[in-house]
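What follows is a single structure, written as structure tokens, with notes after it.
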Amino acid sequence: MRETPRPQGTAGDAGSELPQHRPGRAFAHTTGAAGSGTPHRSDGRPPQTPRGARQTDPTGRPGATPPAPGRPALLISLVPSFLALLALTTWQVAADGPLRGLDERTARALVGQGPAPLTEFLADLGNMQIALPVLGCAIVWALVRGARREPLYAALTMAAVPLLVAPMKDWIARPGPLTDATGYYPSGHAATAAVAYGAAALLTTPYVRRSWVMPVAAVLLTAATGIGVVLRGYHWPLDVLGSWFLCGLLLLPLGIRSHSRRQASGSGATDASHSTAVPTPAP
């Protein structure tokens, strides 16, 4: 009497018996070498689950994403550029170079252009009465959100503006576009606007969802101030450019610090997501 062959199960059949461990084969997730903390297969192939392919963080925890590339090196590389541009602009103004002649011809053609109320409003954006309250609100917000060093950096940067601009005005002694009085290079209005709005953007960027909004707003407000003082005849274009190059140097330390805080905030959110994730059971 022949035995009736047992029917082979299909992929959809549920067996009544638990799977038995077959000799000669290793489970897919066996513990790696002592102290490695990394699962591996005995046959040398990589594990099938994505967790095993992830890199470890600096503390050795598996499953952490690799760190994102930072920008401090890029910001530091701007220092020679700002220094060179500031030196070139100051030299041309002080030595009555070719750029100064072009600068004055351009300004004379632009003075009085545009609606007077609008250009006056744009120039007023560089007044202390407008720019400082904006920076003050940003400092308070950053303090409430837990920042300590960044608000101090912003306040010191703003305090450095008159300490640097006033001696340069006395040294260069450049006359204004509509007056024979001296002391117009660099522009105090342009410097105030650049530092106040730029520092406010750097203080608030780590705490807003769309991080590009605040820097774009700061650039627009700073540019509007420069355009306003030139169109109103309060400053020459090179006065504004010299202030921007100087303030770019002043804002670099705060920019590096702000970027570091933004990276730390992102790393904290990533660690929190890993700690709350439900682990996938090994087959």
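Of the chymotrypsin sites (Phe, Trp or Tyr not before Pro) in the range 91-152, not one is in a loop by DSSP (not H, G, I, E or B) with at most 10 other beta carbons within 10 Å. The calculated FRET efficiency for residue 96 paired with residue 216, based on their beta-carbon distance and R0 = 35 Å, is about 0.40. Here the label points at residue 145 and residue 106, each 7 Å from Cα along the C-beta direction, are separated by 3.5 nm in the simple model. Within the assembled protein chains, the solvent-accessible surface assigned to residue 172 is about 20 Å², based on a 1.4 Å probe. Each of residue 156 and residue 208 was given a label point 7 Å from its Cα along the Cα-to-Cβ line. The distance between the two points is 2.6 nm. Cβ-Cβ distance of residue 181 and residue 75, R₀ of 25 Å, FRET efficiency by 1/(1 + (r/R0)^6): the value works out to about 0.10.
The values are calculated or read from the model by the stated rules, or taken from the named source; none is laboratory data. For clarity, every value in this text was computed on a predicted model and none was experimentally measured. Reconstructed Cβ throughout: ideal geometry from the backbone, glycine too, with neighbour counts over all protein chains shown. For accessibility, only protein heavy atoms count, side chains too; no ligands or nucleic acids. Shrake-Rupley method; radii C 1.70, N 1.55, O 1.52, S 1.80 Å.
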